Amino acid sequence: MQNSKKMALFGSIRALTISAMLTAISVVIGIFCKTALNFDGGLFRITFENLPIILSGILYGPIVGGVVGACSDLVSYLLSSQAYPPNLIVTLGATLVGVLSGISSKLIIRKKGTLQIVVSGALAHIVGSMIVKPIGLYQFYGALVLLRIPLYMLIAPVEILLLCALLKRKSFAKAVGYVSEKETPKMTYDDALEYIHKINWTFCNPGLDRIKELCEALGSPQKSLKFIHVAGTNGKGSFCAMLSSVLSKAGYKVGTFTSPYVKTFNERMAINGEMVSNDELVSLTEKVKPIADKMAEKPTEFELITAIALEYFAQSNCDYVVLECGLGGRLDSTNIIDTPVLSVITGIDFDHTSILGDTIEKIAFEKAGIIKPGIPCLWCGESKEAENIISARALELGSELFSVDHSKTEIKDLTLEGTNFDYGEYKNVHIPLLGKYQPFNASNVLSAIDILKSLGIDIPNEAIYDGLSVVEWHARFEILSKNPLIIADGGHNPQGVKSAVDSVKGYFENEKINIITGVMADKDYRYIAEQIGSIANEVYCIRPDNPRALGADEYARVYAENGITAYPCESVSDALKKAIKASIEQKKALLCVGSLYMYSEICKCLDELDVSSALDK
């Protein structure tokens with residue numbers, strides 16, 4: 001409220017200042033024209049003194065326009081030292097120039113642009129300059145005054161053209177306030193990202209009130225969509241990617257909302273595997289921005305992103321949306337949805353303990369917040385403590401709880417080319433995603449598909465096998481280079497890192513490999529270092545590009561304390577050059593693990609780095 005008053009005060013001061021300047025400009029033009037451009041005793045006067053008056057009416061409406069017109073005429077009279085009293089009819093004509101331009105711009109043609117300027121200028125000149133003013137001047141010039149009308153028929157188009165030229169210049173239009181909030185110049189893609197990222201989500205009260213207000217103002221796009229809502233500590237992204245691929249192969253238009261992104265922001269929202277385009281993101285952000293800016297309590301970054309994604313999926317008429325929670329579940333902005341088709345909790349482990357709680361039970365309570373009354377829920381985890389909390393919540397809400405039986409998952413073939421596995425009646429399923437944990441993530445998806453099929457959703461077996469065989473998901477035990485072998489895994493919490501380590505042991509057995517790693521200081525980095533140390537030949541430590549990141553020197557000391565050779569590196573590029581050279585010489589694989597924030601920079605550096613040249617560095 002206080003900010004609104006300040007903005008209103010600022011707007012009033014600016015309007016007053018500009019109006020005074022326009023009055024002064026009109027007076028100067030009027031006096032100059034009287035002294036330099038008069039012909040035949042003032043009967044023929046080439047003047048553009050009406051231009052500032054018309055502009056004031058267009059900008060600020062009929063009252064301000066009328067005041068500027070009247071003041072301009074009266075001040076011009078006073079400065080001209082005339083022996084006769086002011087001609088009030090001429091003053092009325094000048095006043096009507098401002099009033100009529102204001103009326104036409106505010107009531108007749110409201111949309112800013114050429115048409116508004118032309119109509120405003122034409123109406124003001126026809127009535128004020130060609131009808132009323134000549135009546136006032138009749139006593140001086142008699143019938144000859146009619147000769148001024150053709151002159152103004154020439155002056156009016158020139159003034160209108162000048163006004164169009166001025167107001168088409170973005171810098172001038174912005175300076176005088178002609179560009180409104182809804183008509184600001186089109187954002188660029190960088191502008192959209194800057195706006196989205198400018199709010200620090202940690203400084204806010206948790207809750208769903210802001211996202212509800214934002215979505216209601218957008219017309220509640222979530223109410224037109226069908227969701228599979230996914231929460232959990234690890235495995236959410238892989239689950240969402242696999243399920244979306246299967247549903248897409250089944251012929252549905254499928255929106256996917258995931259976080260965080262690993263290379264490009266646009267990854268966070270995609271339809272049938274194709275991420276939102278830059279232009280679409282700009283257009284969506286332009287729609288959400290004026291609504292968010294007017295809110296008394298501004299939405300957080302993730303709430304903005306959620307609202308943009310929901311609007312995108314609704315505009316695109318998606319059949320289903322696979323919606324991943326950002327943090328927790330109960331108070332996560334994605335939990336604005338009322339009745340998903342299915343709720344899924346992939347697993348529970350320690351992560352974000354300062355926000356979600358320091359016990360498995362507390363974290364499970366937050367994740368179980370996505371369960372809705374009467375809506376089935378799939379539990380994919382192993383923790384009995386978490387399952388008890390989730391089961392109690394499902395029972396309380398009358399929601400049928402399903403569990404994944406991972407004992408039915410049998411890995412048939414685990415290679416760096418992909419994995420084949422069986423799960424119950426699904427035999428010889430192939431997934432291209434690497435990692436010993438991915439067949440279990442795929443088993444979760446197959447369990448979810450069985451539930452969806454029982455709800456009447458048509459998902460042919462062919463779509464299941466095809467969808468899983470072509471799924472793509474980056475930064476999860478992903479091969480970035482085959483010679484030398486470089487793998488990236490986004491494991492960034494104890495469970496995620498342990499899964500990556502188990503995968504290394506599965507693919508490389510007892511062979512030690514080289515590691516590039518960085519970690520957040522708020523994670524259990526000593527446990528993470530202990531896990532990584534069990535597979536490490538040499539470790540190259542970096543500080544990920546994040547304010548929460550642990551320093552490379554300190555992280556390297558943790559490994560040294562455990563008897564592991566570790567080198568602190570100045571940058572990702574420095575670590576890659578050193579680690580690649582060592583890996584080539586030692587004929588070792590190289591794993592990059594510990595933080596998703598490293599992934600995009602590692603990919604960028606690899607694109608720029610000539611791997612063979614690393615031997616010479």
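The values are calculated or read from the model by the stated rules, or taken from the named source; none is laboratory data. Keep in mind it's a predicted model, so treat the numbers as computed, not measured. Here the Cβ is made from the backbone with ideal geometry for all residues, glycine too, and neighbour counts use every protein chain on show. Quick note on the areas: whole protein, heavy atoms, side chains included, nothing else; ligands and nucleic acids left out. Shrake-Rupley method; radii C 1.70, N 1.55, O 1.52, S 1.80 Å.
Listing for the model above:
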{"quantity": "Hits in the range 418-439 - residues which are without any contact (Cβ under 8 Å) to a residue 12 or more places away in the chain and either under 21 Å from Phe402 (Cβ atoms) or among the small types (Gly, Ala, Ser) (or both)", "calculated": "Glu425"}
{"quantity": "In the range 494-510, the residues that are in contact (Cβ under 8 Å) with a residue 12 or more places away in the chain, of a type outside the set (Val, Ile, Thr) and out of contact with any helix residue (DSSP H, G or I) (no Cβ under 8 Å at 6 or more places or on another chain)", "calculated": "Gln495, Gly496, Ser499, Ala500, Asp502, Ser503, Lys505, Gly506, Tyr507, Phe508"}
{"quantity": "Scan of the range 452-480 for residues that are closer than 18 Å to Lys236 by Cα and open to solvent by less than 10 Å² (accessible area, probe 1.4 Å), ordered by number", "calculated": "Leu452, Gly467, Leu468, Val471, Ala475, Phe477"}
{"quantity": "Residue list for the range 521-555, filter: in contact with a His (Cβ under 9 Å, 6 or more places away or on another chain) and open to solvent by 10 Å² or more (accessible area, probe 1.4 Å)", "calculated": "Asp522, Lys523"}
{"quantity": "Test: Lys249 is within 23 Å of Val470 (Cα to Cα) and in contact with a Gly (Cβ under 7 Å, 6 or more places away or on another chain)", "calculated": "yes"}
{"quantity": "Breaking point among (1) in contact with a helix residue (DSSP H, G or I) (Cβ under 8 Å, 6 or more places away or on another chain); (2) more than 23 Å from Val572 (Cα to Cα); (3) among the hydroxyl-bearing types (Ser, Thr, Tyr), for Ser469", "calculated": "(1)"}
{"quantity": "Any hit, the range 438-458, residues being under 21 Å from Met242 (Cβ atoms) and among the basic types (Lys, Arg)", "calculated": "yes"}
{"quantity": "Total residues in the range 445-468, condition touching a residue at least 40 places away in the same chain (Cβ under 8 Å) and hydroxyl-bearing (Ser, Thr, Tyr)", "calculated": "1"}
{"quantity": "Sole residue being closer than 25 Å to Arg210 by Cα and assigned to a loop (DSSP other than H, G, I, E, B), chosen from Leu323, Leu327", "calculated": "Leu327"}
{"quantity": "Selected residue (criterion: least open to solvent (accessible area, probe 1.4 Å)) from residues of the range 176-195 that are out of contact with any helix residue (DSSP H, G or I) (no Cβ under 8 Å at 6 or more places or on another chain) and modelled with pLDDT of 75 or more", "calculated": "Asp190"}
{"quantity": "Residue within the range 131-144 that is under 54 Å from the mean Cα position of the chain (by Cα) and at pLDDT below 80 present", "calculated": "no"}
{"quantity": "Test result for Ala442, in contact with a strand residue (DSSP E or B) (Cβ under 6 Å, 6 or more places away or on another chain), open to solvent by less than 10 Å² (accessible area, probe 1.4 Å) and in contact (Cβ under 8 Å) with a residue 60 or more places away in the chain", "calculated": "yes"}
{"quantity": "Of all residues in the range 357-371 being touching a helix residue (DSSP H, G or I) at 6+ places or on another chain (Cβ under 7 Å) and not in a helix (DSSP H, G or I), the one that is nearest to Val404 (Cα to Cα)", "calculated": "Ile371"}
{"quantity": "Scope the range 316-341; condition closer than 18 Å to Val445 by Cβ and crowded, with 23+ Cβ neighbours inside 10 Å; matching residues", "calculated": "Tyr320, Val321, Val322, Leu323, Glu324, Cys325, Pro340"}
{"quantity": "Within the range 348-373, tally of residues that are open to solvent by less than 10 Å² (accessible area, probe 1.4 Å) and modelled with pLDDT under 90", "calculated": "0"}
{"quantity": "Long-range neighbours under 6 Å by Cβ, at least six apart or interchain, first residue within 26 Å of Gly121 (Cα to Cα) within the range 74-97, second β-branched (Val, Ile, Thr) and at pLDDT 80 or above", "calculated": "Val75/Val27; Ser76/Val27; Ile89/Ile135; Leu92/Val132; Gly93/Val132; Leu96/Val127; Leu96/Val132; Val97/Ile53"}
{"quantity": "Hits in the range 412-466 (condition: in a loop (DSSP other than H, G, I, E, B) and more than 23 Å from Lys226 (Cα to Cα))", "calculated": "Leu416, Glu417, Gly424, Glu425, Pro432, Leu433, Leu434, Gly435, Lys436, Tyr437"}
{"quantity": "Some residue of the range 389-410 being closer than 23 Å to Lys453 by Cα, modelled with pLDDT under 95 and crowded, with 18+ Cβ neighbours inside 10 Å", "calculated": "no"}
{"quantity": "Filter result (without any contact (Cβ under 8 Å) to a residue 24 or more places away in the chain and aromatic (Phe, Trp, Tyr)) within the range 347-388", "calculated": "none"}
{"quantity": "Selected residue (only one of Glu425, Glu417 is within 28 Å of Ile602 (Cα to Cα) and of a type in the set (D, E, K, R))", "calculated": "Glu417"}
{"quantity": "Within the range 562-584, considering residues that are assigned to a loop (DSSP other than H, G, I, E, B) and among the hydroxyl-bearing types (Ser, Thr, Tyr), the one farthest from Glu511 (Cα to Cα)", "calculated": "Ser571"}
